[in-house]
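Take a look at the structure set out below.
Computed from the coordinates by the stated procedures, all read-outs in this text should not be read as laboratory data. Everything quoted here is computed from the prediction, not taken from an experiment. Cβ coordinates were reconstructed from backbone atoms using ideal geometry, including for glycine residues, and neighbour counts include every protein chain displayed.
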Amino acid sequence: MFGIAIHGGAGTLPRAELDAGRERSYRAGLAAALEAGRAILAGGGSSLDAVERAVVLLEEDPLFNAGRGAVFTWEGRNELDAAIMEGAGRRAGAVCGVRHVRNPVVLARTVMEHSDYVMLSGEGAEEFALVQGIALVPNEHFRTEERWRQLERIRAGDPRVSPLTISHVGTVGAVALDSAGHLAAATSTGGMTGKRWGRIGDSPIIGAGTYADDRSCAVSATGHGESFIRAAVAHEIGARMRLAGQSLDDAVHGVVTVELGGMRAEGGVIAIDRGGRVVTAFTSEGMFRGSVVAGGDPQIAIYR
Ligand code: ASP
């Protein structure tokens, strides 16, 4: 048995901005990432390799708010966060506030595998990247004109755009179970449009936006990071399974629909358990998502 689920952010673009052509592009990006992860799992590869590969492809796709195409800070820079975790030994790696790392999820994995630390930030993370032979790119690598226009609208105080809704379209993540029975999760993001003062969201925080534990499940989240940190979303889902004996469905819906819904927090999660059951839940209008399990057909969806 194996399975993988991915997401490309919660919330939806206004229908007017998500015409048929763009919707096809989003679906194609999700399908390509899902297939890359599935192929690794089908070949007997690890869940860790599968989630990393799927997230790298989404970081490379300028439609998503991760890697190229990330949202801008108030000052007009791109600052990226990512995390990865494997469920067998609960090893984890994360980076936050990096400006010159093309694939932050790859650096997060390098932190996990080649340092004594779990999380590195900013310039230190980039020094570590160089020590590990990971080349840096200019910050302009991440720029897209669409994200720049979104920043300009936020800076101008356009009441029709909220920093939350436009950024949520695009944080990326993946969770997987491999045929050896091991779980893994990864998440990567540019955060929230117009963020200031080195703000870091939930995505790179182990237990908030990303968590994997072979005793329960693997989770990757997207949404209003501050709420997801306060609710320790990803860890809470696994803890409910482990300590309260809840099913994945009950744990996910309890945390997302009840807890986050009660906080009026916008966002959602993808999760997979040891049996390969995939559960997705979101409080927003939609969530860019896809999943496939051994022997099944790939599913891609945006709206409810
Ligand atoms: N959760 C991310 C953050 O707060 C943003 C998102 O998922 O849209 O940084």
Among I205, I237, I270, I200, which comes first, second and so on when ranked by fewest other beta-carbon atoms within 10 Å? I200, I205, I270, I237
Proxy exposure order for H114, H224, H100 (fewest C-beta within 10 Å first) is H114, H100, H224
Phi-derived 3J(HN,Hα) across the stretch 234-251 with the Karplus relation (6.51, -1.76, 1.60, θ = phi - 60°), rounded Hz, x for Gly and Pro, is 5, 5, 4, 5, x, 5, 4, 6, 6, 9, 10, x, 6, 6, 4, 4, 5, 5
Calculated from backbone phi, Karplus (6.51, -1.76, 1.60) coupling profile of the stretch 205-218 in Hz, x at Gly/Pro: 8, 5, x, 9, x, 9, 6, 9, 8, 4, 7, 9, 6, 10
Amide H contacts under 5 Å for F2, placed H, 5+ residues apart: A294
The stretch 22-127 - share of DSSP beta bridges that are antiparallel (%, nearest 5): 65 percent
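What FRET efficiency, computed as 1/(1 + (r/R0)^6) with R0 = 41 Å and r the Cβ-Cβ distance, is obtained for H114 and E23, rounded to the nearest 0.05?
Numbers: r = 40 Å, r/R0 = 0.97.
So, using R0 = 41 Å, E works out to roughly 0.55.
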How big is D for the chain, in µm² s⁻¹ as a whole number, if Stokes-Einstein is applied with the Kirkwood radius of its Cα pairs at 10 °C and 1.306 mPa s? 86 µm²/s
The stretch 148-242: D in µm²/s via Stokes-Einstein (Kirkwood Rh, Cα pairs, 25 °C, 0.890 mPa s)? 172 µm²/s
Taking the dipole about the Cα centre of the chain, with the C-beta of Lys and Arg at +1 and of Asp and Glu at -1, give me whichever of I6, C217, T193 is farthest to the positive side. T193
Counting other Cβ atoms within 10 Å of each Cβ, which trypsin sites (Lys or Arg not before Pro) in the stretch 208-278 have at most 12 and sit in a DSSP loop? R215, R264
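Applying a 10 Å radius around every beta-carbon, put 245-252, 175-182, 84-91, 102-109 in order of their mean neighbour count, most first.
Numbers: 245-252: 17.6, 175-182: 24.0, 84-91: 21.9, 102-109: 27.1.
Output ranking for 245-252, 175-182, 84-91, 102-109: 102-109, 175-182, 84-91, 245-252.
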Hey, can you grab everything whose amide H is under 5 Å from the amide H of R102? Only 5+ residues off in sequence or another chain; H modelled, so Pro and N-termini drop out. V137
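Take T144, T222 and order them by how many other Cβ atoms sit within 10 Å, fewest up front. Walk me through the numbers on the way to the answer.
Numbers: T144 16, T222 35.
Placing the least packed residue first, the sequence is T144, T222.
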For A66, the residues 5 or more places away or on another chain with a placed amide H closer than 5 Å to its own amide H are G190
Value of D in µm² per second that Stokes-Einstein yields for the stretch 183-223, Kirkwood Rh from Cα pairs, at 25 °C (0.890 mPa s): 223 µm²/s
From the phi of every residue in the stretch 277-282, what ³J(HN,Hα) in whole Hz does the Karplus formula 6.51 cos²θ - 1.76 cosθ + 1.60 yield, where θ is phi - 60° and glycine or proline is x? 6, 9, 10, 10, 8, 8
Debye intensity ratio in log₁₀ form over the Cα atoms of the stretch 1-138, taken at each q of 0.17 Å⁻¹: -0.98
Mind checking which of V256, H235, F288 is farthest towards the positive end of the stretch 199-296's charge dipole, using Cβ charges of +1 (Lys, Arg) and -1 (Asp, Glu) about the Cα centre? H235
